[in-house]
Amino acid sequence: MDAAPVSAPLLDIRDLFVRFRTDAGVVHAVNGLNLSLRRGKSLGFVGETGAGKTTAALAALQLIQSPPGEMTGEIFFEGQDVMKMTEPEKRALRGGKIAMIFQDPMSSLNPIMTVEEQIMEMVSLHSAGAGARERAREMLTLVGIRPERGKDYPHQLSGGMRQRVGIAIALACEPSLLIADEPTTALDVTIQAQVIDLIKKLQSEVRTSLLLITHDLGVVAEICDEVAIMYAGRLVEAADLRKLYKKPLHPYTQGLFDAVPRLDADPDEKLAVISGLTPDPTDLPKGCSFSPRCPNVRDLCRERSCGMREHEPGHFVDCHFPMQDRNAANRGDGQ
Amino acid sequence: MDKVVAKSGFARGNSLWRYTFIRLRRNYLAMIGLAVILVLILAAVFAERIAPYGYATQDYAMIRKPPSARHLLGTDEFGRDVLSRLIYGSRVSLQVGFIAVSIALAAGGTIGAVAGYFGGAVDNLLMRIMDVQLAIPTILLAIVISSVLGPGLFNLMIAVGITAIPRFARLMRASVLSVKNTEFIEAARAMGASHTRVILLYIMPNCMAPLIVQATINVANAILFAATLSFLGLGVQPPYPEWGGMLSAARPYLRGNAYLSVFPGLAIMITIVALNCVGDGLRDALDPKQKR
């Protein structure tokens, strides 16, 4: 997504690499990620476990522990490179400008602080003076929890309520970017729907941009304007929601869609899977990182990766042989 | 729903400590322990009023006499009232116990928390210093510290406190390592909290449970340790009574006047058991994850 944007993006990640030096070797978690998100938009960030989605988000917050982590590249937020910020500037950014909702509401709240205190903590870290308690109560009401429950400890709330508290904390300072890291993975389906609706509603009310990290394509379809598919630390496909869902170009994206169970499918039929496993991040394959699992793999793919290119206006893909061009490619290759 | 909430006491004004106390109250062993310690503290504070005799008042007509109506716990080799000496002795023991442990807890806890949180070179440096200290026999270390500082109650507390630092540092470090990688620490960082804030507000309070248990057991240890140093002449100077010192002084009379050793020994034992009961109760009550 290197094309010149109409308006300056809120978040612009350019050529981000994140590595971790471990005893088992260098883990290449993020490998040349380019990602941009415009103000007020919501982006679905999809990929398998271990694709580097969370690492990329933590890099945007400058929360990669170093050592063992190492980051290179540029991350512009509201025009400023967060990689070059001083520690106090980073602290003001975290929570104040970019807030995060975590995956597991059971463990992302401090067990020995009441939920009200935890919201107040966020408020008082980013704005001086009184009114933190009022703000905390306001936020609880906003996420549909009676303010009296603010005196409760996290273990006294249900999982769904805890996740709503997490949302209340994240939105308490009206951040311009909300990163939701698999906010529904740890919840059951009915609560998932509640949380999704809440995020959707609040996103429009508070007018924040949303970066939704998930592996659930259904959730993305529900909330997002744009989708980016990540594989082994880099994007393989990015487009707006409609384009990508209508016509996935990358074989990996296609595989993800095939793996979604369908209501109209034959119940006896086995669910489609993408064969193989995500590559070992300490030992990435040469060429296209998806090549060992790709059904349409060619010799070219094993030699070098294609690089992100705009296959159609607004639809980017990193593949030598995008899906709908298969026949043409067949002919070309067969000569 | 509202009624249930109000009844369970969760609805309003449940600070961590109030909440802990509510649960501590249900543990009767801990409450007995707490009562014993309160009695001891009162005895120490009001020793002049309670003690029937002065701690150094000698009665040469009553040397090494067994318990009687006049001297409830008998008299020692100088004709001093054992009960009065035990009451005055509680001052020294409790002070040494609590203050020495506070010193160790504050210093060891901070060292352990910093080492555990930052890891890497900082961790290595701090923990190796602690290891070096552990390698020196504690009694030797305490003797060195006491002889450098000179004898006396305050220096005794410092000596006992310093020798206990590594134990707290190691325990704190271990708890910090287990808490450090939980998601709520990352969440706190993502909220923009500084390292200092995360350590003080998030990590240390979540690591307190094992430390409190260790601290109460260590108060008992410190009391014993202070007694040892007193025996060696480095602690409280005679004629001021100290439980351990009384125990040592009674040793030659163990065969003929066993009560001289039994009563100070009992005093130490009761204090230690009471402290352990409170420690255990606190550990259970301080853990809000335990619902009951």
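The values are calculated or read from the model by the stated rules, or taken from the named source; none is laboratory data. If you're wondering where the values come from, they're calculated on a predicted model, not measured in any experiment. Quick reminder, even Gly has a Cβ in these numbers, built from the backbone with ideal geometry, and neighbours come from all protein chains shown.
Points worth noting:
- A:PRO105 vs. criteria over 19 Å from the mean Cα position of the chain (by Cα) and in contact (Cβ under 8 Å) with a residue 40 or more places away in the chain: no
- Filtered residues of the range B:246-280 (kept if closer than 19 Å to B:GLN95 by Cβ and in contact with a Pro (Cβ under 7 Å, 6 or more places away or on another chain)): B:MET246, B:LEU247
- Any chance A:MET83 is in contact with a strand residue (DSSP E or B) (Cβ under 7 Å, 6 or more places away or on another chain), part of a helix (DSSP H, G or I) and more than 13 Å from chain B (Cβ to nearest Cβ): yes
- Only one entry of B:GLY97, B:GLY120 meets the criterion of being surrounded by fewer than 20 Cβ atoms within 10 Å (Cβ to Cβ) and at pLDDT below 90, and that entry is B:GLY120.
- Taking (1) of a type outside the set (A, V, I, L, M); (2) within 14 Å of A:ILE179 (Cα to Cα); (3) more than 18 Å from the chain's Cα centre (by Cα) in turn, A:ARG39 satisfies each apart from (3).
- Applying the criterion of being over 22 Å from B:THR138 (Cα atoms) and modelled with pLDDT under 80 to the residues of the range B:209-240, the residue that is farthest from the other protein chains (Cβ to nearest Cβ) is B:PRO238.
- A:LEU157 vs. criteria crowded, with 21+ Cβ neighbours inside 10 Å and within 11 Å of another protein chain (Cβ to nearest Cβ): no
- Unique residue being modelled with pLDDT of 85 or more and either under 24 Å from the mean Cα position of the chain (by Cα) or over 22 Å from A:GLY44 (Cβ atoms) (or both) when the list is A:PRO313, A:PRO281: A:PRO313
- Test: residue in the range A:110-121 that is under 19 Å from B:PHE184 (Cβ atoms), in contact with a His (Cβ under 9 Å, 6 or more places away or on another chain) and either within 8 Å of chain B (Cβ to nearest Cβ) or among the acidic types (Asp, Glu) (or both): yes
- Residue ID - farthest from the other protein chains (Cβ to nearest Cβ), chosen from residues in the range A:138-151 that are surrounded by 18 or more Cβ atoms within 10 Å (Cβ to Cβ) and over 17 Å from A:GLU205 (Cα atoms): A:ILE145
- Any hit, the range B:82-94, residues being under 23 Å from the mean Cα position of the chain (by Cα), of a type outside the set (Lys, Arg), under 19 Å from B:GLN133 (Cα atoms) and at pLDDT 90 or above: no
- When B:ASN257, B:ASN206 are checked against the criterion of being within 14 Å of chain A (Cβ to nearest Cβ), at negative phi and surrounded by 17 or more Cβ atoms within 10 Å (Cβ to Cβ), a single residue qualifies: B:ASN206.
- Test: residue in the range A:181-204 that is crowded, with 22+ Cβ neighbours inside 10 Å, within 13 Å of another protein chain (Cβ to nearest Cβ) and within 26 Å of A:THR55 (Cα to Cα): yes
Table: residues versus (1) assigned to a loop (DSSP other than H, G, I, E, B); (2) among the small types (Gly, Ala, Ser); (3) closer than 30 Å to A:ASN31 by Cβ.
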{"residue": "A:ASP104", "(1), (2), (3)": "yes, no, yes"}
{"residue": "A:LEU109", "(1), (2), (3)": "yes, no, no"}
{"residue": "A:ARG137", "(1), (2), (3)": "no, no, no"}
{"residue": "A:ILE145", "(1), (2), (3)": "yes, no, no"}
{"residue": "A:ARG162", "(1), (2), (3)": "no, no, no"}
